[in-house]
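Shown next, in structure tokens, is the structure this report addresses.
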Amino acid sequence: MTGPVIPKGIARVEIDAPETPETIVFVLLHNLSMLAFTSAIEALRIANQLTGKTLYRWTTMSEDGKSVRCSNGIEIGIDCALGETPINSRIFICSGVQPDLSTSAKVADWTRKQWRLGRTVGALCTGAYTLARAGILAGHKFTLHWENIAPFREHFPDLTPVEQLYTIDNRVMTCGGGAAATDLFLKLIYETHGPVLSQAVLNMCLHSVQRSETDRQQSSTSASIGVRNEKLVRIIAHFEEHLEDHVNLDIATEELGVSRRQMERLFRHHLNTTPKKYLQDLRLQRGRILLAETDMPVVDVAAACGYDSAAYFSKRFREAFGMSPHKFSAGGG
């Protein structure tokens, strides 16, 4: 168990400490996101530092008790293997890239046991894969990193994640990873110790504002493309919502209340491309994600991206990324 050593700092917040510190258990999976993990644990460390009290203790576990390597190649030491946890503990599964490969039946079974014992369970970044395999997410609101939402839906078609920074649904807590872990843990600090401490932790993290649970992970469409034209934004949103469908641009223009000529002009003027090319790029990017994060056959990936022909999908994929989908999924990317 770590966390009792409280470093000295200039900034101080005076609060009454609870008799029993809260315990946070971080279960680290191979290829985890180091950013998500450190964003969470540093918020706890800073809360202890600011108050001069042990408000939080934390421990790290892995499936076998051995160190794990993050997606950036850095190896992290582990306190112990999966085992017993304190009654008041909250457990967070920390995952990252290729979550389908790093999630094991042993970790899922252990997580299910902790849930049945009444523990709060959570997930950082793509840790929702483990919670799903543990059978915990049904009927609960949850999220994971936006890039992994499409692959997750292919693996677990009966579960529907939301695309927001973090979620708190009774004893299930999830976040999209990255800096969103800071927002989630600031919220937990706020609920337990109040706004003064949570604001002080926020300032120490140089986190400019406490973002809300329902804030989106990604920038708005208008922000991401650098365009605020409402018609263009509406068209792109329509494309993103129908990537699996065969989109007839002429029919889409009728549904969206713009002419085909106007649509062509908007894309050419603001994005220097055509609607057809933009839609194809969206579909190919979706295909790249599915190939990287799932073991779906190329023919199924093609269908999930709105292509009637796997051969045509493969041709376009090779043109865009310089290799075939089969080679990319085999690790060539």
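The values are calculated or read from the model by the stated rules, or taken from the named source; none is laboratory data. As the structure is a computational prediction, the values presented were derived from the model and not from experiment. Because the Cβ atoms are built from the backbone with ideal geometry, glycine has one as well, and the counts that use them run over all protein chains shown. Ligands, DNA and RNA are excluded from the accessible area calculation, which covers all protein heavy atoms including side chains. Shrake-Rupley method; radii C 1.70, N 1.55, O 1.52, S 1.80 Å.
Could you pull out every one of the lysines with an alpha carbon less than 20 Å from that of residue 53, ignoring same-chain neighbours closer than 8 positions?
8, 187
Report the residue, chosen from 158, 245, 281, that carries the largest GNM mean-square fluctuation when the chain is represented by alpha-carbon nodes joined by springs under 10 Å.
Ranking 158, 245, 281 by mean-square fluctuation puts 158 first.
Whenever you get a sec, compute what percent of the accessible area on region 122-190 sits on carbon and sulfur atoms (1.4 Å probe).
After summing per-atom areas, the C and S share lands at 44 percent.
Based on the inverse mean of 1/r over its pairs of different Cα atoms, what is the Kirkwood hydrodynamic radius of the chain, in Å?
Computed over the chain, the radius equals 21.8 Å.
Using only Cα atoms, tell me the angle between helix 230-241 and the longest principal axis of the chain; keep it within 0 to 90° and round to the nearest 10.
So the helix axis and the longest Cα principal axis differ by about 80 degrees.
What are the extents of the Cα atoms of region 1-159 along their three principal axes, listed from largest to smallest and rounded to whole Å?
Here the Cα extents, ordered largest to smallest, are 49, 34, 28 Å.
If I model a spin label as a point 7 Å beyond the Cα along the Cα-Cβ vector, how far apart are those points for residue 240 and residue 272 in nm?
Result: 2.2 nm between the two label points.
Using the Cα atoms of region 172-310 to build a convex hull, what is its mean projected area in square nanometres?
11.5
Angle between the Cα long axis of helix 105-116 and the longest principal axis of the chain, 0 to 90 degrees, nearest 10?
Helix 105-116 sits at roughly 60 degrees to that axis.
So, with a 1.4 angstrom probe, what is the percent of accessible area on region 234-333 that is carbon and sulfur?
47
GNM, the chain, Cα, under 10 Å: largest mean-square fluctuation among 237, 132, 43?
Judging by the Gaussian network model, the answer is 237.
Using 7 Å Cα-to-Cβ label points, what is the residue 80/residue 106 separation (nm, one decimal)?
The two pseudo-label positions are separated by 1.6 nm.
Work out from phi, with θ = phi - 60° and the Karplus expression 6.51 cos²θ - 1.76 cosθ + 1.60, the ³J(HN,Hα) of each residue of region 30-40, listed in order in whole Hz, and give x for Gly and Pro.
Karplus-based 3J(HN,Hα) across region 30-40 equals 4, 6, 5, 7, 5, 4, 5, 4, 5, 4, 6 Hz.
I want to check the label-to-label distance for residue 292 and residue 249. Put each point 7 Å from Cα in the C-beta direction and report it in nm to one decimal.
Spacing of the two 7 Å Cα→Cβ label points: 2.7 nm.
How many Å² of accessible area per residue for the chain, probe 1.4 Å? Don't jump to the answer; show the numbers that get you there.
Values: 15990 Å² over 333 residues.
Value for the chain: 48 Å² per residue.
If I fit a long axis through the Cα atoms of helix 180-193 and take the longest principal axis of the Cα atoms of the chain, what angle between them do I get, 0 to 90°, rounded to 10?
Around 40 degrees separate the two axes.
Working from the pairwise distances between different alpha carbons, so that the mean of 1/r is found and then inverted, what is region 73-212's Kirkwood radius in Å? Numbers along the way, then the final one.
Working: mean 1/r = 0.0636 Å⁻¹.
Final number for the Kirkwood radius of region 73-212 is 15.7 Å.
If you scale each eigenvalue of the Cα gyration tensor by 5 and take the root, what three semi-axes come out for region 10-63, rounded to whole angstrom and sorted largest first?
Over the Cα atoms of region 10-63, the ellipsoid semi-axes are 25, 14, 5 Å.
So what's the projected area for region 107-163, the Cα convex hull averaged over all directions, in nm²?
3.6
Calculate, in whole percent, how much of the Cα-Cα pair population of region 19-110 lies beyond 20 Å.
Details: 1528 of 4186 pairs.
Result for the distance tail: 37 percent.
Could you work out the helix-only [θ] at 222 nm for the chain, with each DSSP H run of four or more residues adding -39,500 (n - 2.57) and the total divided by the number of residues, to the nearest 500 deg cm²/dmol?
Computed ellipticity for the chain at 222 nm equals -13000 deg cm²/dmol.
Among all the lysines, which ones have a C-alpha under 28 Å from residue 231's C-alpha, if same-chain residues fewer than 8 places away are not counted?
The reachable lysines, counting only those whose Cα sits under 28 Å from residue 231, are 276, 277.
Express as a percent, rounded to the nearest 5, the fraction of DSSP beta bridges in region 47-131 (both residues included) that run antiparallel.
In region 47-131, DSSP labels about 20 percent of beta bridges as antiparallel.
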